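Colleague: Following this message is one structure expressed as C-alpha coordinates.
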Amino acid sequence: MAERDFETLVIGGGAAGIAAARHLQLSGVKCAIVEARPRLGGRAWTIADTSGYALDLGCGWLHSADRNPWVAVAEEQRRTIDKTPPPWARASLPYGFQEDEQKEFRKAQEEFFARISERAQREPDVPAAALFAAGCRWNNLIGAIGTYISGAELDRVSARDFDNFGETGVNWRIVEGYGATIAKYGESVPAILDCPVQRIDHHGKRLKIETSRGTLVADQAIVTLPTSILAEAEQLFAPALPEKTQAARGLPLGLADKLFLSLEDAEEFEKDCRLFGATDRTATATYHLRPFGRPQIEVYFGGDLPAHLEAGGTSAFFDFAVSELTGKLGNNFARRIAPIRIHCWGADPFAGGSYSFALPGMANSRMTLAAPVDNRLFFAGEACSHGDFSTAHGGWITGITAADQAIRALRKNVARPGE
Ligand SMILES: Cc1cc2nc3c(=O)[nH]c(=O)nc-3n(C[C@H](O)[C@H](O)[C@H](O)COP(=O)(O)OP(=O)(O)OC[C@H]3O[C@@H](n4cnc5c(N)ncnc54)[C@H](O)[C@@H]3O)c2cc1C
(Lines give C-alpha, C1' and ligand atoms only; values in the text may rest on other atoms or scores of the structure.)
Protein backbone atom coordinates (compact mmCIF):
# COMPACT_ATOMS: atom_id res chain seq x y z
CA MET A 1 0.00 0.00 0.00
CA ALA A 2 2.28 2.78 -1.24
CA GLU A 3 -0.19 5.69 -1.26
CA ARG A 4 -1.70 6.48 2.13
CA ASP A 5 -2.98 10.05 1.85
CA PHE A 6 -6.16 10.93 -0.08
CA GLU A 7 -8.75 13.62 -0.48
CA THR A 8 -11.59 11.11 -0.35
CA LEU A 9 -11.68 7.44 0.61
CA VAL A 10 -14.65 5.35 -0.43
CA ILE A 11 -15.21 2.58 2.08
CA GLY A 12 -16.69 -0.48 0.39
CA GLY A 13 -16.44 -1.31 -3.31
CA GLY A 14 -19.94 -2.47 -4.20
CA ALA A 15 -22.35 -0.78 -6.63
CA ALA A 16 -22.57 2.37 -4.48
CA GLY A 17 -18.84 2.64 -3.77
CA ILE A 18 -17.90 2.05 -7.40
CA ALA A 19 -20.39 4.66 -8.69
CA ALA A 20 -19.20 7.17 -6.08
CA ALA A 21 -15.51 6.57 -6.74
CA ARG A 22 -15.85 6.82 -10.52
CA HIS A 23 -17.75 10.09 -10.11
CA LEU A 24 -15.03 11.47 -7.82
CA GLN A 25 -12.30 10.31 -10.17
CA LEU A 26 -13.97 11.94 -13.19
CA SER A 27 -14.20 15.16 -11.14
CA GLY A 28 -10.45 15.11 -10.49
CA VAL A 29 -10.62 14.14 -6.81
CA LYS A 30 -7.72 12.11 -5.42
CA CYS A 31 -9.62 9.07 -4.19
CA ALA A 32 -9.47 5.33 -3.67
CA ILE A 33 -11.80 2.51 -2.73
CA VAL A 34 -10.95 0.52 0.39
CA GLU A 35 -12.55 -2.91 0.10
CA ALA A 36 -12.50 -5.88 2.48
CA ARG A 37 -12.85 -8.53 -0.22
CA PRO A 38 -10.24 -9.54 -2.78
CA ARG A 39 -12.64 -8.33 -5.53
CA LEU A 40 -14.87 -5.34 -6.34
CA GLY A 41 -18.66 -5.64 -6.66
CA GLY A 42 -19.82 -6.67 -3.17
CA ARG A 43 -23.32 -8.07 -3.45
CA ALA A 44 -22.99 -7.78 -7.24
CA TRP A 45 -20.98 -10.88 -8.16
CA THR A 46 -20.83 -12.87 -11.40
CA ILE A 47 -18.98 -16.16 -11.69
CA ALA A 48 -18.56 -18.44 -14.72
CA ASP A 49 -19.79 -22.02 -14.40
CA THR A 50 -17.98 -24.95 -16.01
CA SER A 51 -19.98 -24.46 -19.25
CA GLY A 52 -18.87 -20.83 -19.37
CA TYR A 53 -22.28 -19.36 -18.49
CA ALA A 54 -22.14 -16.19 -16.40
CA LEU A 55 -24.05 -16.76 -13.16
CA ASP A 56 -25.10 -13.79 -11.05
CA LEU A 57 -24.92 -14.98 -7.45
CA GLY A 58 -26.11 -11.55 -6.27
CA CYS A 59 -28.05 -9.01 -8.32
CA GLY A 60 -29.22 -10.26 -11.71
CA TRP A 61 -32.09 -8.01 -12.79
CA LEU A 62 -31.74 -4.49 -14.07
CA HIS A 63 -34.90 -3.40 -12.25
CA SER A 64 -36.53 -0.19 -13.55
CA ALA A 65 -34.34 -0.77 -16.58
CA ASP A 66 -35.80 2.23 -18.43
CA ARG A 67 -34.25 4.55 -15.82
CA ASN A 68 -31.48 2.33 -14.46
CA PRO A 69 -28.04 3.98 -14.89
CA TRP A 70 -26.27 0.60 -15.09
CA VAL A 71 -27.94 0.04 -18.49
CA ALA A 72 -25.79 2.77 -20.07
CA VAL A 73 -22.70 1.26 -18.43
CA ALA A 74 -23.58 -2.17 -19.83
CA GLU A 75 -24.08 -0.64 -23.27
CA GLU A 76 -20.72 1.17 -23.08
CA GLN A 77 -19.12 -2.16 -22.23
CA ARG A 78 -20.90 -3.71 -25.24
CA ARG A 79 -22.74 -6.24 -23.07
CA THR A 80 -25.71 -8.21 -24.37
CA ILE A 81 -28.91 -6.95 -22.77
CA ASP A 82 -31.74 -9.49 -22.66
CA LYS A 83 -35.16 -7.83 -22.62
CA THR A 84 -37.28 -10.97 -22.23
CA PRO A 85 -40.08 -10.18 -19.74
CA PRO A 86 -39.25 -11.64 -16.32
CA PRO A 87 -40.91 -14.89 -15.25
CA TRP A 88 -42.90 -13.10 -12.52
CA ALA A 89 -44.60 -10.95 -15.17
CA ARG A 90 -45.87 -14.02 -17.00
CA ALA A 91 -48.14 -16.95 -16.15
CA SER A 92 -46.55 -19.67 -14.00
CA LEU A 93 -46.40 -23.32 -15.08
CA PRO A 94 -49.77 -24.88 -14.26
CA TYR A 95 -48.54 -27.85 -12.13
CA GLY A 96 -50.75 -27.61 -9.04
CA PHE A 97 -51.57 -24.02 -9.95
CA GLN A 98 -54.22 -23.89 -12.64
CA GLU A 99 -54.90 -20.84 -14.77
CA ASP A 100 -58.07 -19.82 -12.91
CA GLU A 101 -56.22 -20.10 -9.58
CA GLN A 102 -53.38 -17.96 -10.93
CA LYS A 103 -55.92 -15.33 -11.95
CA GLU A 104 -57.50 -15.39 -8.50
CA PHE A 105 -54.06 -15.18 -6.88
CA ARG A 106 -52.97 -12.20 -9.03
CA LYS A 107 -56.17 -10.36 -8.10
CA ALA A 108 -55.62 -11.06 -4.38
CA GLN A 109 -52.01 -9.84 -4.67
CA GLU A 110 -53.02 -6.64 -6.45
CA GLU A 111 -55.63 -5.95 -3.77
CA PHE A 112 -52.99 -6.53 -1.08
CA PHE A 113 -50.62 -4.04 -2.73
CA ALA A 114 -53.49 -1.54 -3.05
CA ARG A 115 -54.28 -1.88 0.69
CA ILE A 116 -50.59 -1.28 1.48
CA SER A 117 -50.55 1.88 -0.64
CA GLU A 118 -53.77 3.14 0.88
CA ARG A 119 -52.47 2.59 4.45
CA ALA A 120 -48.78 3.35 3.97
CA GLN A 121 -48.60 7.07 4.82
CA ARG A 122 -51.06 6.93 7.75
CA GLU A 123 -49.88 6.76 11.36
CA PRO A 124 -48.84 4.52 12.90
CA ASP A 125 -46.81 2.53 10.40
CA VAL A 126 -47.79 -1.15 10.54
CA PRO A 127 -46.17 -4.43 9.50
CA ALA A 128 -47.06 -5.19 5.88
CA ALA A 129 -48.58 -8.52 6.99
CA ALA A 130 -51.23 -6.59 8.96
CA LEU A 131 -52.79 -5.79 5.59
CA PHE A 132 -53.44 -9.38 4.54
CA ALA A 133 -57.17 -9.96 3.92
CA ALA A 134 -58.52 -12.11 6.74
CA GLY A 135 -58.90 -15.73 5.63
CA CYS A 136 -57.64 -15.19 2.07
CA ARG A 137 -56.33 -18.51 0.73
CA TRP A 138 -53.47 -16.72 -1.11
CA ASN A 139 -51.91 -15.00 1.92
CA ASN A 140 -49.11 -17.57 2.23
CA LEU A 141 -48.11 -17.26 -1.41
CA ILE A 142 -48.26 -13.45 -1.24
CA GLY A 143 -46.07 -13.80 1.86
CA ALA A 144 -43.62 -16.01 -0.08
CA ILE A 145 -43.32 -13.35 -2.75
CA GLY A 146 -42.83 -10.83 0.06
CA THR A 147 -39.79 -12.86 1.16
CA TYR A 148 -38.32 -12.66 -2.37
CA ILE A 149 -38.95 -8.90 -2.49
CA SER A 150 -37.85 -7.99 1.04
CA GLY A 151 -35.78 -10.99 2.11
CA ALA A 152 -37.99 -11.22 5.21
CA GLU A 153 -41.44 -12.37 6.30
CA LEU A 154 -43.92 -9.51 5.91
CA ASP A 155 -44.73 -9.38 9.64
CA ARG A 156 -41.24 -7.84 10.09
CA VAL A 157 -41.49 -5.39 7.19
CA SER A 158 -42.69 -1.77 7.39
CA ALA A 159 -45.77 -1.24 5.19
CA ARG A 160 -44.63 2.35 4.56
CA ASP A 161 -41.17 1.36 3.43
CA PHE A 162 -42.56 -1.46 1.30
CA ASP A 163 -44.81 1.08 -0.41
CA ASN A 164 -42.02 3.64 -0.84
CA PHE A 165 -40.23 1.27 -3.22
CA GLY A 166 -40.72 2.56 -6.73
CA GLU A 167 -40.26 0.54 -9.85
CA THR A 168 -41.26 1.04 -13.45
CA GLY A 169 -42.03 -2.60 -14.25
CA VAL A 170 -39.26 -2.82 -16.88
CA ASN A 171 -36.79 -5.57 -15.98
CA TRP A 172 -33.87 -6.63 -18.14
CA ARG A 173 -30.78 -8.81 -17.67
CA ILE A 174 -27.17 -8.80 -18.83
CA VAL A 175 -26.13 -12.07 -20.45
CA GLU A 176 -22.47 -11.62 -19.39
CA GLY A 177 -23.55 -10.74 -15.85
CA TYR A 178 -24.74 -7.71 -13.87
CA GLY A 179 -22.01 -8.27 -11.29
CA ALA A 180 -19.30 -8.45 -13.96
CA THR A 181 -20.56 -5.18 -15.45
CA ILE A 182 -20.50 -3.36 -12.11
CA ALA A 183 -17.06 -4.69 -11.14
CA LYS A 184 -15.59 -3.76 -14.53
CA TYR A 185 -16.89 -0.21 -14.17
CA GLY A 186 -14.76 0.08 -11.01
CA GLU A 187 -11.55 -1.21 -12.61
CA SER A 188 -10.12 2.19 -13.43
CA VAL A 189 -10.42 3.50 -9.86
CA PRO A 190 -7.49 2.98 -7.47
CA ALA A 191 -8.64 0.27 -5.05
CA ILE A 192 -7.06 -1.22 -1.98
CA LEU A 193 -8.43 -4.76 -1.83
CA ASP A 194 -8.33 -7.39 0.94
CA CYS A 195 -8.35 -4.49 3.34
CA PRO A 196 -11.20 -4.44 5.91
CA VAL A 197 -11.67 -1.05 7.54
CA GLN A 198 -11.69 -1.40 11.31
CA ARG A 199 -12.10 2.17 12.54
CA ILE A 200 -12.85 5.62 11.19
CA ASP A 201 -11.28 8.12 13.55
CA HIS A 202 -12.82 11.56 12.99
CA HIS A 203 -11.50 13.31 16.10
CA GLY A 204 -8.84 15.34 14.31
CA LYS A 205 -8.70 17.77 11.39
CA ARG A 206 -8.10 14.87 9.01
CA LEU A 207 -9.69 11.42 9.06
CA LYS A 208 -7.65 8.42 10.10
CA ILE A 209 -8.97 5.23 8.53
CA GLU A 210 -7.56 2.26 10.39
CA THR A 211 -7.47 -0.92 8.34
CA SER A 212 -6.08 -4.44 8.63
CA ARG A 213 -3.17 -3.16 6.52
CA GLY A 214 -2.34 0.02 8.37
CA THR A 215 -3.74 3.54 8.70
CA LEU A 216 -4.84 5.72 5.78
CA VAL A 217 -5.38 9.47 5.97
CA ALA A 218 -8.08 11.43 4.13
CA ASP A 219 -9.99 14.70 4.19
CA GLN A 220 -13.30 12.92 3.82
CA ALA A 221 -14.84 9.47 3.46
CA ILE A 222 -17.88 7.98 1.78
CA VAL A 223 -19.08 5.01 3.82
CA THR A 224 -21.00 2.42 1.79
CA LEU A 225 -20.96 -0.53 4.19
CA PRO A 226 -24.03 -2.80 4.39
CA THR A 227 -26.38 -2.06 7.31
CA SER A 228 -25.64 -5.50 8.80
CA ILE A 229 -22.05 -4.35 9.35
CA LEU A 230 -22.95 -0.81 10.51
CA ALA A 231 -25.50 -2.16 12.99
CA GLU A 232 -22.94 -4.40 14.70
CA ALA A 233 -19.85 -2.19 14.55
CA GLU A 234 -20.48 0.26 17.39
CA GLN A 235 -16.73 0.94 17.57
CA LEU A 236 -16.40 1.66 13.82
CA PHE A 237 -16.60 5.42 14.29
CA ALA A 238 -14.56 7.30 16.85
CA PRO A 239 -16.25 9.36 18.22
CA ALA A 240 -19.17 6.93 17.99
CA LEU A 241 -22.16 7.78 15.77
CA PRO A 242 -25.06 6.15 17.66
CA GLU A 243 -27.66 7.63 15.27
CA LYS A 244 -26.04 5.68 12.40
CA THR A 245 -25.93 2.45 14.43
CA GLN A 246 -29.61 2.90 15.36
CA ALA A 247 -30.62 3.71 11.79
CA ALA A 248 -28.78 0.64 10.50
CA ARG A 249 -30.55 -1.51 13.11
CA GLY A 250 -33.87 -0.29 11.78
CA LEU A 251 -32.83 -1.37 8.28
CA PRO A 252 -31.61 -4.97 8.62
CA LEU A 253 -30.57 -6.96 5.60
CA GLY A 254 -33.17 -9.51 4.59
CA LEU A 255 -31.94 -12.78 3.16
CA ALA A 256 -32.28 -14.10 -0.38
CA ASP A 257 -30.08 -16.86 -1.81
CA LYS A 258 -29.98 -18.27 -5.35
CA LEU A 259 -29.20 -21.90 -6.12
CA PHE A 260 -28.23 -22.73 -9.72
CA LEU A 261 -29.10 -26.22 -10.96
CA SER A 262 -28.23 -27.97 -14.21
CA LEU A 263 -31.23 -29.43 -16.04
CA GLU A 264 -31.20 -32.37 -18.47
CA ASP A 265 -33.65 -32.39 -21.39
CA ALA A 266 -34.38 -28.77 -20.66
CA GLU A 267 -36.22 -28.22 -23.97
CA GLU A 268 -39.31 -29.82 -22.42
CA PHE A 269 -39.86 -26.42 -20.80
CA GLU A 270 -40.46 -23.06 -22.36
CA LYS A 271 -37.55 -20.61 -22.03
CA ASP A 272 -37.72 -18.35 -18.94
CA CYS A 273 -40.78 -19.90 -17.29
CA ARG A 274 -41.57 -20.13 -13.59
CA LEU A 275 -42.84 -22.67 -11.11
CA PHE A 276 -43.63 -22.18 -7.41
CA GLY A 277 -42.52 -25.03 -5.13
CA ALA A 278 -45.82 -24.70 -3.27
CA THR A 279 -48.72 -22.28 -3.38
CA ASP A 280 -50.03 -22.81 0.14
CA ARG A 281 -47.04 -21.94 2.31
CA THR A 282 -44.58 -19.07 2.70
CA ALA A 283 -41.51 -21.29 3.12
CA THR A 284 -41.26 -22.17 -0.55
CA ALA A 285 -38.77 -21.45 -3.33
CA THR A 286 -39.51 -20.12 -6.79
CA TYR A 287 -37.97 -21.89 -9.79
CA HIS A 288 -36.93 -19.98 -12.90
CA LEU A 289 -36.54 -22.63 -15.61
CA ARG A 290 -34.21 -22.14 -18.57
CA PRO A 291 -32.97 -18.64 -17.69
CA PHE A 292 -31.69 -17.09 -20.96
CA GLY A 293 -32.72 -20.43 -22.55
CA ARG A 294 -29.88 -22.22 -20.71
CA PRO A 295 -30.25 -25.84 -19.54
CA GLN A 296 -30.48 -24.65 -15.94
CA ILE A 297 -32.88 -23.74 -13.15
CA GLU A 298 -32.32 -20.65 -10.99
CA VAL A 299 -33.93 -21.28 -7.62
CA TYR A 300 -34.75 -18.27 -5.42
CA PHE A 301 -35.13 -18.61 -1.65
CA GLY A 302 -36.17 -15.69 0.59
CA GLY A 303 -36.63 -14.92 4.30
CA ASP A 304 -36.56 -17.48 7.12
CA LEU A 305 -36.29 -20.44 4.71
CA PRO A 306 -32.74 -19.71 3.45
CA ALA A 307 -31.75 -18.52 6.94
CA HIS A 308 -32.59 -22.01 8.16
CA LEU A 309 -31.08 -23.83 5.14
CA GLU A 310 -27.75 -21.96 5.21
CA ALA A 311 -26.71 -24.00 8.25
CA GLY A 312 -26.77 -27.15 6.07
CA GLY A 313 -24.91 -25.65 3.08
CA THR A 314 -25.48 -26.54 -0.58
CA SER A 315 -26.91 -29.99 0.13
CA ALA A 316 -29.66 -28.57 2.36
CA PHE A 317 -30.74 -26.16 -0.41
CA PHE A 318 -30.48 -28.89 -3.05
CA ASP A 319 -32.48 -31.44 -1.02
CA PHE A 320 -35.19 -28.84 -0.44
CA ALA A 321 -35.35 -28.02 -4.17
CA VAL A 322 -35.46 -31.71 -5.11
CA SER A 323 -38.34 -32.36 -2.72
CA GLU A 324 -40.35 -29.42 -4.09
CA LEU A 325 -39.61 -30.18 -7.74
CA THR A 326 -40.34 -33.90 -7.50
CA GLY A 327 -43.54 -33.04 -5.65
CA LYS A 328 -44.63 -31.08 -8.73
CA LEU A 329 -42.95 -32.92 -11.61
CA GLY A 330 -42.66 -36.52 -10.38
CA ASN A 331 -39.87 -38.55 -8.76
CA ASN A 332 -37.92 -39.11 -11.99
CA PHE A 333 -37.24 -35.38 -12.20
CA ALA A 334 -34.60 -35.76 -9.45
CA ARG A 335 -32.31 -37.53 -11.95
CA ARG A 336 -32.37 -34.58 -14.31
CA ILE A 337 -31.00 -31.94 -11.93
CA ALA A 338 -27.69 -31.37 -10.17
CA PRO A 339 -26.40 -28.46 -8.10
CA ILE A 340 -24.01 -26.00 -9.80
CA ARG A 341 -23.51 -23.26 -7.25
CA ILE A 342 -25.03 -21.26 -4.41
CA HIS A 343 -23.61 -18.42 -2.34
CA CYS A 344 -24.86 -18.09 1.24
CA TRP A 345 -25.19 -14.32 1.65
CA GLY A 346 -26.27 -14.56 5.28
CA ALA A 347 -23.02 -16.29 6.24
CA ASP A 348 -20.91 -13.94 4.09
CA PRO A 349 -18.89 -11.92 6.63
CA PHE A 350 -18.82 -8.79 4.45
CA ALA A 351 -22.53 -8.85 3.59
CA GLY A 352 -24.45 -10.58 6.40
CA GLY A 353 -27.57 -10.70 4.24
CA SER A 354 -28.87 -9.75 0.83
CA TYR A 355 -30.79 -6.45 0.80
CA SER A 356 -32.28 -4.05 3.29
CA PHE A 357 -35.86 -3.70 4.48
CA ALA A 358 -37.20 -1.36 7.16
CA LEU A 359 -38.70 -2.66 10.38
CA PRO A 360 -42.20 -1.28 11.10
CA GLY A 361 -41.89 2.38 12.14
CA MET A 362 -38.33 2.66 10.83
CA ALA A 363 -38.80 3.77 7.20
CA ASN A 364 -37.31 7.20 8.01
CA SER A 365 -34.08 5.53 9.08
CA ARG A 366 -33.05 5.58 5.40
CA MET A 367 -32.79 9.38 5.58
CA THR A 368 -30.94 9.28 8.92
CA LEU A 369 -28.47 6.77 7.50
CA ALA A 370 -27.87 8.88 4.38
CA ALA A 371 -27.28 12.19 6.23
CA PRO A 372 -23.69 13.52 6.13
CA VAL A 373 -21.76 14.08 9.36
CA ASP A 374 -19.69 17.27 9.77
CA ASN A 375 -19.70 17.68 6.00
CA ARG A 376 -16.86 15.15 5.69
CA LEU A 377 -18.37 11.75 6.42
CA PHE A 378 -20.84 10.86 3.70
CA PHE A 379 -23.04 7.79 3.42
CA ALA A 380 -24.22 5.72 0.46
CA GLY A 381 -25.38 2.19 -0.30
CA GLU A 382 -28.71 0.70 -1.28
CA ALA A 383 -30.10 1.12 2.25
CA CYS A 384 -29.71 4.92 1.98
CA SER A 385 -32.21 5.11 -0.89
CA HIS A 386 -35.78 6.25 -0.19
CA GLY A 387 -37.38 4.45 -3.14
CA ASP A 388 -34.72 2.32 -4.86
CA PHE A 389 -33.40 0.51 -1.79
CA SER A 390 -32.45 -3.14 -2.08
CA THR A 391 -31.16 -2.67 -5.63
CA ALA A 392 -27.89 -2.12 -7.45
CA HIS A 393 -29.23 1.01 -9.15
CA GLY A 394 -30.25 2.30 -5.70
CA GLY A 395 -26.59 1.80 -4.82
CA TRP A 396 -25.54 3.83 -7.87
CA ILE A 397 -27.93 6.72 -7.15
CA THR A 398 -26.89 7.06 -3.50
CA GLY A 399 -23.23 6.76 -4.51
CA ILE A 400 -23.52 9.67 -6.94
CA THR A 401 -25.44 11.77 -4.38
CA ALA A 402 -22.77 11.19 -1.74
CA ALA A 403 -19.96 11.91 -4.22
CA ASP A 404 -21.62 15.21 -5.19
CA GLN A 405 -21.91 16.16 -1.52
CA ALA A 406 -18.24 15.30 -1.03
CA ILE A 407 -17.14 17.32 -4.09
CA ARG A 408 -19.13 20.37 -2.92
CA ALA A 409 -17.53 20.12 0.53
CA LEU A 410 -14.02 19.90 -0.95
CA ARG A 411 -14.60 22.92 -3.20
CA LYS A 412 -15.99 24.94 -0.28
CA ASN A 413 -12.85 24.19 1.75
CA VAL A 414 -10.59 25.16 -1.16
CA ALA A 415 -12.51 28.42 -1.60
CA ARG A 416 -12.03 29.29 2.07
CA PRO A 417 -8.49 28.17 2.98
CA GLY A 418 -7.49 28.38 6.62
CA GLU A 419 -10.99 27.91 7.98
C1 LIG B 1 -29.23 -13.07 -4.03
C2 LIG B 1 -29.37 -11.60 -4.36
C3 LIG B 1 -30.16 -11.21 -5.42
C4 LIG B 1 -30.28 -9.86 -5.76
N5 LIG B 1 -31.01 -9.50 -6.86
C6 LIG B 1 -31.00 -8.21 -7.26
C7 LIG B 1 -31.51 -7.86 -8.54
O8 LIG B 1 -31.97 -8.73 -9.29
N9 LIG B 1 -31.48 -6.55 -8.91
C10 LIG B 1 -30.93 -5.59 -8.09
O11 LIG B 1 -30.90 -4.41 -8.49
N12 LIG B 1 -30.42 -5.90 -6.87
C13 LIG B 1 -30.43 -7.19 -6.45
N14 LIG B 1 -29.81 -7.53 -5.30
C15 LIG B 1 -29.34 -6.47 -4.39
C16 LIG B 1 -28.05 -5.81 -4.87
O17 LIG B 1 -27.08 -6.80 -5.15
C18 LIG B 1 -27.56 -4.88 -3.77
O19 LIG B 1 -28.61 -4.01 -3.37
C20 LIG B 1 -26.39 -4.00 -4.22
O21 LIG B 1 -25.42 -4.77 -4.90
C22 LIG B 1 -25.81 -3.34 -2.97
O23 LIG B 1 -24.74 -2.48 -3.34
P24 LIG B 1 -24.04 -1.62 -2.20
O25 LIG B 1 -22.88 -0.95 -2.80
O26 LIG B 1 -25.06 -0.81 -1.48
O27 LIG B 1 -23.54 -2.69 -1.11
P28 LIG B 1 -22.44 -3.85 -1.23
O29 LIG B 1 -22.46 -4.44 -2.59
O30 LIG B 1 -22.65 -4.76 -0.09
O31 LIG B 1 -21.07 -3.06 -1.06
C32 LIG B 1 -20.49 -2.81 0.19
C33 LIG B 1 -19.04 -3.26 0.15
O34 LIG B 1 -18.45 -3.06 1.43
C35 LIG B 1 -17.52 -4.11 1.63
N36 LIG B 1 -17.20 -4.21 3.06
C37 LIG B 1 -17.89 -4.82 4.05
N38 LIG B 1 -17.26 -4.64 5.21
C39 LIG B 1 -16.15 -3.88 4.96
C40 LIG B 1 -15.12 -3.35 5.77
N41 LIG B 1 -15.08 -3.53 7.10
N42 LIG B 1 -14.15 -2.62 5.17
C43 LIG B 1 -14.15 -2.40 3.82
N44 LIG B 1 -15.11 -2.90 3.01
C45 LIG B 1 -16.11 -3.61 3.58
C46 LIG B 1 -18.24 -5.32 1.08
O47 LIG B 1 -17.33 -6.37 0.79
C48 LIG B 1 -18.88 -4.74 -0.18
O49 LIG B 1 -18.03 -4.89 -1.31
C50 LIG B 1 -29.63 -8.88 -4.96
C51 LIG B 1 -28.82 -9.28 -3.91
C52 LIG B 1 -28.68 -10.62 -3.61
C53 LIG B 1 -27.74 -11.03 -2.50
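Colleague: Compute the length gained on full extension between S212 and A91: take 0.36 nm times their separation in residues and subtract their Cα-Cα distance, giving the result in nm to one decimal. The partial results should precede the final answer.
Modeller: Working: separation 121, 0.36 × 121 = 43.56 nm, distance 5.04 nm.
Separation in residues times 0.36 nm, less the Cα-Cα distance, equals 38.5 nm.
Colleague: Zone of A238 (label point 7 Å along Cα→Cβ, backbone N under 16 Å): which residues in the range 189-218?
Modeller: Output list for this probe position: 197-218.
Colleague: Please work out the C-alpha center-to-center distance from the range 285-358 to the range 197-266 and express it in whole Å.
Modeller: Cα centroid to Cα centroid, the span is 27 Å.
Colleague: Continuing with this model, one more query. Return one whole number: the accessible area per residue of the range 1-50 in Å², for a 1.4 Å probe.
Modeller: On the way: 1730 Å² over 50 residues.
Per-residue accessible area for the range 1-50 comes out at 35 Å².
Colleague: A follow-up question, please. Hey, in the GNM for the chain with a 10 angstrom Cα cutoff, which one of G204, G17, G387 fluctuates hardest?
Modeller: Maximum fluctuation in the GNM of the chain, among the listed residues, is at G204.
Colleague: If you don't mind, another one. So, counting K/R as plus one and D/E as minus one, what does the shell of residues with Cβ under 9 Å around N375 add up to? Write out the running numbers ahead of the final one.
Modeller: Numbers: positive: R376, R408, K412; negative: D374.
Cβ neighbours under 9 Å give a net charge of +2.
Colleague: GluC sites (Glu not before Pro) within the range 1-47: which are DSSP loop residues with at most 16 other Cβ atoms inside 10 Å? Provide the component values of the computation, followed by the final result.
Modeller: Values: sites: E3, E7, E35; in loops: E3, E35.
Answer by residue number: E3.
Colleague: Could you check how much of the accessible area of the range 305-419 is carbon and sulfur, as a whole percent, using a 1.4 Å probe? The partial results should precede the final answer.
Modeller: On the way: 2700 of 4960 Å².
It is 55 percent, rounded to a whole number.
Colleague: Further, regarding this structure: Would you please name the trypsin sites (Lys or Arg not before Pro) within the range 83-142 that are DSSP coil residues with at most 16 other C-beta atoms within 10 Å of their C-beta? Spell out each step's value before the answer.
Modeller: Values: sites: K83, R90, K103, R106, K107, R115, R119, R122, R137; in loops: K83, R90, R122, R137.
Within the range 83-142, the qualifying trypsin sites (Lys or Arg not before Pro) (loop, at most 16 other Cβ atoms within 10 Å) are K83, R90, R122, R137.
Colleague: Quick one: compute the contact order of the range 1-145, relative version, from alpha carbon pairs under 8 angstrom and 6+ residues apart, as a percent.
Modeller: Details: 99 pairs, mean separation 17.3, N = 145.
Here the relative contact order equals 12 percent.
Colleague: Whole number in Å², please: accessible area per residue of the range 200-270, 1.4 Å probe, ligands, DNA and RNA not counted.
Modeller: I get 41 Å² per residue for the range 200-270.
Colleague: Near R37, within a Cβ-to-Cβ distance under 10 Å, what is the net charge of the other residues, with Lys and Arg +1 and Asp and Glu -1? Walk me through the numbers before you get to the answer.
Modeller: On the way: positive: R39; negative: E35, D194, D348.
Charge balance in the 10 Å sphere: -2.
Colleague: Long-range amide H contacts for A191: which residues qualify at under 5 Å (H placed 1.01 Å from N, peptide plane, sequence gap of 5 or more or a different chain)?
Modeller: Correct list: I33.
Colleague: Related question: For the chain, what class follows from the C-alpha gyration tensor (a ≥ b ≥ c being the square roots of its eigenvalues): rounded when a/c is under 1.5, otherwise prolate if a/b is larger than b/c, else oblate?
Modeller: Details: a/c = 2.09, a/b = 1.59, b/c = 1.31.
It is prolate, given that a/c is not under 1.5 and a/b is the larger ratio.
The values are calculated or read from the model by the stated rules, or taken from the named source; none is laboratory data. This structure is a prediction, so every number in the text was calculated from the model and none was measured. Using ideal geometry, Cβ is built from the backbone for each residue, glycine included, and neighbour counts are taken over all protein chains shown. Ligands, DNA and RNA are excluded from the accessible area calculation, which covers all protein heavy atoms including side chains. Shrake-Rupley method; radii C 1.70, N 1.55, O 1.52, S 1.80 Å.
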